[in-house]
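Presented below is the structure to which this report refers.
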Amino acid sequence: MEICINRFKPDTDLKQEIVKVAQEKNIQAGFILTCVGSLKQACLRFANQSDSVCFKNYFEVISLVGTVTAKQGVHLHIGIADENGQVAGGHLMDGNIIYTTMEIVIANLPTLIFRREIDANYGYRELVVEKVPFL
């Protein structure tokens, strides 16, 4: 397993920064090990909804989980808490703007490849795991 440790700076987009790291490191089967930081804008897509919702406020990131690949993109869910401890969570969308910092650790499994294929039952692009062919 390869580990990639990052600190993203203020006023950058969390999802776009993760995608940038995945592309720079050519991550083919990555996942989030840990993430801690703050946002000044959060954009989430809630369960079974087609549109995302954006909130302008200060939030602590209390959870970030999901898969990361350079070619197939990311599938990430985030949990955030506001100044009153109210919690919201959903799909991480573009527009999550970092407030002070974001410390994130991404693991890569170099013997695997994560792909996404349309699931015939649901119509969504779902995870398919492949082993890297040995030459």
For Ile27, distant residues with modelled amide H under 5 Å away: Ala70
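Within the stretch 2-131, what is the number of lysine pairs with alpha carbons under 15 Å apart, leaving out pairs fewer than eight places apart on the same chain?
Details: Lys9/Lys20; Lys9/Lys40; Lys15/Lys40; Lys15/Lys71; Lys20/Lys71; Lys25/Lys71; Lys40/Lys56.
Within the stretch 2-131, the lysine pair count is 7.
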Of Gly73, Met102, Val53, farthest towards positive along the dipole that unit charges on Lys, Arg, Asp, Glu beta carbons give the chain: Gly73
Loop sites in the stretch 17-53: trypsin sites (Lys or Arg not before Pro), DSSP, at most 16 other Cβ within 10 Å: Lys25
The chain: angle of helix 14-24 to the longest principal axis, Cα-based, in degrees nearest 10: 30
Within the chain, helix-based [θ] at 222 nm, where runs of 4 or more DSSP H residues each add -39,500 (n - 2.57), nearest 500: -2500 deg cm²/dmol
Charge dipole (debye, nearest 20) of the stretch 44-135; +1 at Cβ of Lys and Arg, -1 at Cβ of Asp and Glu: 340
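Show me 121-132, 105-116, 28-39 ranked by packing, highest mean number of other Cβ atoms within 10 Å first. Mind showing how you got there, number by number?
Details: 121-132: 10.8, 105-116: 16.2, 28-39: 18.9.
Put in order of decreasing packing, that is 28-39, 105-116, 121-132.
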The chain: Cys lacking any partner C-beta under 4.7 angstrom: Cys4, Cys35
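How high is the relative contact order of the chain? Use alpha-carbon pairs under 8 Å, at least six apart in sequence, and give a whole percent.
Values: 337 pairs, mean separation 45.6, N = 135.
Reported as a whole number, the value is 34 percent.
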Euclidean distance of C-alpha centroids, the stretch 63-87 and the stretch 109-135, integer Å: 20
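The numbers here are math on the coordinates, done by the rules we state, and not lab data. On a predicted model such as this, the values are computed, not experimentally measured, just so you know. Glycine gets a Cβ as well: all are built from the backbone with ideal geometry, and neighbour counts include every protein chain shown.
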